[in-house]
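Heads up: the structure comes next, in structure tokens.
None of the figures in this text is laboratory data; all of them are computed from the coordinates on show. Computed from a predicted structure; not experimentally measured. Using ideal geometry, Cβ is built from the backbone for each residue, glycine included, and neighbour counts are taken over all protein chains shown.
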Amino acid sequence: MTYFAEIHRQTGIKQRDGANWQAIDPEFAARLRQQNKFQTGLDIARYTANIMREDMAAYDADPSAYTQSLGCWHGFIGQQKMISIKKHFGETKGRYLYLSGWMVAALRSEFGPLPDQSMHEKTSVPALIEELYTFLRQADARELGGLFRELDAAREAGDETAAANAQKAVDTHQTHVVPIIADIDAGFGNAEATYLLAKKMIEAGACALQIENQVSDEKQCGHQDGKVTVPHEDFLQKIRAIRYAFLELGVPEGIIVARTDSLGAGLTKQIAYSTEAGDLGDQYNAFLDCEEVDTASIGNGDVLITREGKLLKPKRLPSNLYQFRSGTGEDRVVLDCITSLQNGADLLWIETEKPHVEQIAGMVDRIREVVPNAKLVYNNSPSFNWTLNFRQQVFDAWEAEGRDMQMYDRDRLMSQHYDDSELAIEADEKIRTFQRDAAQRAGIFHHLITLPTYHTAALSTDNLAKRYFGEEGMLGYVKQVQREEIRQGIACVKHQNMAGSDIGDDHKEAFAGEAALKAGGAHNTMNQFAA
């Protein structure tokens, strides 16, 4: 609905309700509606799910049309990312937000900083989704509020062209509300617990939920050791639970991202249930590290399985976990991914130990032999040493070509000594094009960085602390922060405006008229930043 169509609608409401509403301004009511297009989290989930579905179809048609996101741990961080994206690129298309369980555990738990082991409060995840969308909707209200002021100023000046341009900008305004891919870890319990938490996350606005095939109570960060996976049927129960949550809440387009940690997981907590050779349970059990035994050597407490007429004893650790055979990781990943896609998942997430296009592509090629349109979400993780990994990849490629590598020490390629070398320049170019190359070659629809602002906050704080508490004093802040905010046009330099002061003034004027005590007058020091 256009701005003036909304004014007309609000005028009709006022006229219908008669004289008691004479103090109500239909245009201001229309402005409030324009500034808050999404009434509930479910409105957001439906809207953003359709965006993702359209983007997935576009990627299927053209793999260069991949999407991206950055991880967020606070609503303000997500808001500033989208404001920056609109500022630099003019639109938000193909750019999402990612909600990382790692960052929720490390930064949002009432217990204080926690490792990524599902020990944080599960309710903190939907709370963060709601917070993110609150800040994104406020960014809409702030930006539209500025356009309304431009419209009012143009009218006051009698400039019909400027007024028409301002009205068009309102009608074509692009919201800051974008899809959030939200991490539900391993479901925080059984399938019922997964279903209940999924509903809370969807009601908060999430259109895409990412769930991993680890054991809930043994869950580890995907880039740490000690990961324990579950048999496929256990995982599929949780995928079905999430789908039912989407359907119950009227978001059938909701996206399920099935993550496999099998590449780096060497353990399982249980032997899969199997009724016949070749079924899914049997395929899972076939990866177990077993030794053949005879009945005479069976010991107290031994667990045995049969396969192809042989009696086998799976290797069981003192932790009561079972061990997979070494070297089976990629085969397990492929089976995980095919099974998930055949049972309701929409996208895959393969957690790897390094960012290597051909390694990922090798697995995706096998998956696509069965599911041709298989697509991935991929973690461009800060847990990888990107510099060292890509320098070593270039080193290995050049060495295989027979080039003289005597000037390089493969184990010390991280050294600044190599920063200007031909090898380092080539490696940086491969890092720059990694997302594009992996989208084309390895079926990666969505690239994300899980923990970027965790690291940027630490780096910027370290730099500020060094300067401010050192010789530079206040200049350390002014030169490195405020002066750069002004010169780069960072909206937050007017922090009162960003916090909603001008929106509040608009409301005060509508509520109180000439009696409004507004903050944005001549004595507001934010006016110093007008230049």
Exercise. Enumerate lysine pairs in the range 155-257 that are 8 or more residues apart or on different chains, then count those whose Cα atoms are under 27 Å apart.
Key: 9
Quiz prompt | Extension gain (nm, one decimal) between Asp420 and Asp217, 0.36 nm per residue minus Cα-Cα | solution = 68.4 nm
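Chymotrypsin sites (Phe, Trp or Tyr not before Pro), restricted to the range 469-531: which are DSSP loop and have at most 16 other Cβ atoms within 10 Å?
Values: sites: Phe469, Tyr477, Phe511, Phe529; in loops: Phe469.
Sparse-neighbourhood loop chymotrypsin sites (Phe, Trp or Tyr not before Pro): Phe469.
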Exercise. Multiply the residue gap between Lys508 and Tyr468 by 0.36 nm, knock off their C-alpha separation, and tell me the result in nm, one decimal place.
Key: 10.5 nm
Practice problem: Provide the convex hull volume over Cα atoms per residue for the range 283-422, in Å³. | Solution: 214
Practice problem: Just order 286-296, 80-90, 195-205 by mean Cβ neighbour count inside 10 Å, highest at the front, would you? | Solution: 195-205, 80-90, 286-296
Quiz item: Of all DSSP beta bridges located in the chain, what percent are antiparallel, nearest 5?
Solution: 25
Quiz prompt | Spatially proximal lysines relative to Lys518 (Cα-Cα < 25 Å; intrachain offsets below 8 disregarded) | solution = Lys494, Lys508
Self-check item: Counting all C-alpha pairs of the range 325-399, share separated by more than 14 Å (%)
Solution: 65
Self-check item: aspartates and glutamates with Cα under 13 Å of Lys315, excluding same-chain neighbours fewer than 8 positions away
Solution: Asp289, Glu291, Glu292, Asp302
Practice problem: Calculate how steeply helix 75-89 sits against the longest principal axis of the alpha-carbon atoms of the chain, using the helix alpha-carbon long axis, and give the answer as 0 to 90 degrees to the nearest 10. | Solution: 80
Self-check item: Thr433 paired with Leu311, simple spin-label distance in nm, labels 7 Å along Cα-to-beta-carbon
Solution: 6.0
Quiz item: So which lysines can Lys430 reach, going by Cα to Cα under 28 Å and dropping same-chain residues fewer than 8 places off?
Solution: Lys81, Lys86, Lys87, Lys93, Lys354, Lys375
Exercise. Normalise the Cα radius of gyration of the range 434-525 by 2.2 N^0.38 Å (N = residues in it) and let me know the number.
Key: 1.72
Quiz item: If only Cα atoms are counted, what is the Rg of the chain, and what is its Dmax, in Å?
Solution: 27.6, 100
Quiz item: What net charge do the residues around Gly250 carry, taking every other residue with its C-beta under 12 Å from that of Gly250, with Lys and Arg at +1 and Asp and Glu at -1?
Solution: -2
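Suppose the chain between His455 and Asn165 were pulled fully straight at 0.36 nm per residue; how much longer would it get relative to their current alpha carbon spacing? Can you show the working numbers first?
Details: separation 290, 0.36 × 290 = 104.40 nm, distance 4.10 nm.
Result for the pair: 100.3 nm of gain on full extension.
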Quiz item: Relative contact order, percent, of the chain when contacts are C-alpha pairs under 8 Å separated by at least 6 residues?
Solution: 14
Quiz item: Along the charge dipole of the range 346-459, which of Gln392, Ala457, Asn373 sits closest to the positive end, that is, farthest toward it, with unit charges on the beta carbon of Lys, Arg, Asp and Glu (+1, +1, -1, -1)?
Solution: Asn373
Quiz item: Based on the mean of other beta carbon atoms within 10 Å per residue, what is the order of 21-28, 428-435, 482-489, 379-386, most packed first?
Solution: 379-386, 428-435, 21-28, 482-489
Exercise. Can you tell me the dipole magnitude for the chain around its Cα centre, using point charges on the Cβ only (Lys, Arg +1; Asp, Glu -1), in Debye to the nearest 20?
Key: 1100
